[in-house]
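Shown next, in structure tokens, is the structure this report addresses.
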Amino acid sequence: MIPLSKLEKLPRRLRLRKICKIFAETENRMALSSAERFYLADILKLLIAGENFSVTVRETLESARKILGSALTEETDAGSSSPEQSVVLHRAVNTVRHVLLRETGRSPADWDFTDPKGVPDPATRQLFPGMTVYLEDIRSPFNVGAMFRSAESFGAEKIILSPLCADPRHPRAPRTAMGCVEILSYERMSIEELKNLSLPCFALETGGTLLQNFIFPEKAVMLSGSEELGLSPEALALADTSLGRLSIPLYGAKGSLNVSVAFGIAMQAWAAKEALIYSIENKSALL
């Protein structure tokens, strides 16, 4: 623990950054002794007394300070915090961290968020065999990471990357993937190599069957193209000679979505169909 007297002497920006780090480390553990909670409450007291914050920020920090203090008292009296107290404490610590991040001039991104569940456990995955996705020339590592996260969340068995797709091991990709790169199987393959596998394919692309009318296959490869140009003519030809194109209806003036957002929408719709089939099959097996 950094002594409060040392924190007080640091330049404002550095002091806030140090305190943000302290609260981030706390949030990653959230198993705190009474002394640690007392320390955090004292840090907030120091901030409230010494900083020229806005009324909203001061009230937020004071509320968190009171929660830390009351949690300390309740733990001392009861021997341990209840689940309800832990949730309140976690939210207080998280709020302080993001309020102070904003005070340093930073805007939080996905990779600033914490996941109390930690690294995903592959053993808990429910996947749908045969649900495969092909990412063709997705340039942004952030989009690749987000698409890994959606694919894993909606039960995809495998991801295939084109030769020019951003590397899922790029430092920026795991930030949005939140551990999903480690537990979802993937490999690289050209469209020509994919074609040689003779798998049923459909394209996530404009000008196709609307989402609500599309008949999702139980086992197939969904093709998703680059942020700027969409799928290549070769990929579209492969889909057009197989299961066709899937399109998401849009109603705004912009008329387009971020590729990872569109991908997530399509994956959820496909997974819902897969889950229904899985439920029916399981029910039939029990009869």
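The values are calculated or read from the model by the stated rules, or taken from the named source; none is laboratory data. Remember, it's a predicted structure, so these values are computed and weren't measured experimentally. We place every Cβ from the backbone using ideal geometry, glycine too, and count neighbours over all the protein chains shown.
Looking at region 245-274 only, could you name the residues that are closer than 19 Å to PRO217 by Cβ and free of Cβ contacts under 8 Å to residues at least 12 places away in the same chain?
Within region 245-274, just ALA272 meets the criteria.
Considering region 8-24 alone, what residues qualify as being in contact (Cβ under 8 Å) with a residue 24 or more places away in the chain and closer than 19 Å to GLY105 by Cα?
Hits for region 8-24 are ARG12, ARG13, LEU16, ARG17, ILE19, CYS20, PHE23, ALA24.
What pairs come up if the first residue lies in region 181-199 and is in contact (Cβ under 8 Å) with a residue 12 or more places away in the chain and farther than 14 Å from VAL221 by Cβ, the second is acidic (Asp, Glu) and surrounded by 14 or more Cβ atoms within 10 Å (Cβ to Cβ), and their beta carbons are under 7 Å apart, counting only those six or more places apart or on different chains?
What qualifies is ILE183/GLU152; LEU184/GLU152.
Restricting to region 151-161, what's the tally of residues that are buried (at least 23 other Cβ atoms within 10 Å of the Cβ) and in a helix (DSSP H, G or I)?
2
Could you check region 18-71 and list, in sequence order, the residues that are surrounded by 16 or more Cβ atoms within 10 Å (Cβ to Cβ), polar (S, T, N, Q) and at pLDDT 85 or above?
THR60
Go through THR176, THR206 for me and flag whichever is under 14 Å from LEU231 (Cα atoms) and either of a type in the set (S, T, N, Q) or buried (at least 17 other Cβ atoms within 10 Å of the Cβ) (or both).
THR206
Determine, yes or no, whether ILE2 is surrounded by 11 or more Cβ atoms within 10 Å (Cβ to Cβ), not aromatic (Phe, Trp, Tyr) and not in a loop (DSSP other than H, G, I, E, B).
It is false that ILE2 is surrounded by 11 or more Cβ atoms within 10 Å (Cβ to Cβ), not aromatic (Phe, Trp, Tyr) and not in a loop (DSSP other than H, G, I, E, B).
Could you list, in sequence order, all residues of region 5-17 that are under 19 Å from ARG102 (Cβ atoms) and exposed (fewer than 14 other Cβ atoms within 10 Å of the Cβ)?
Scanning region 5-17 gives PRO11, ARG12, ARG13, LEU14.
Yes/no per residue for (1) over 30 Å from SER34 (Cβ atoms); (2) at pLDDT 85 or above; (3) buried (at least 18 other Cβ atoms within 10 Å of the Cβ):
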| position | (1), (2), (3) |
| --- | --- |
| ARG97 | no, yes, yes |
| ALA109 | yes, no, no |
| PRO116 | no, no, no |
| ALA123 | yes, no, no |
| PRO129 | yes, yes, no |
| THR132 | yes, yes, yes |
| ILE138 | yes, yes, yes |
| PHE142 | yes, yes, yes |
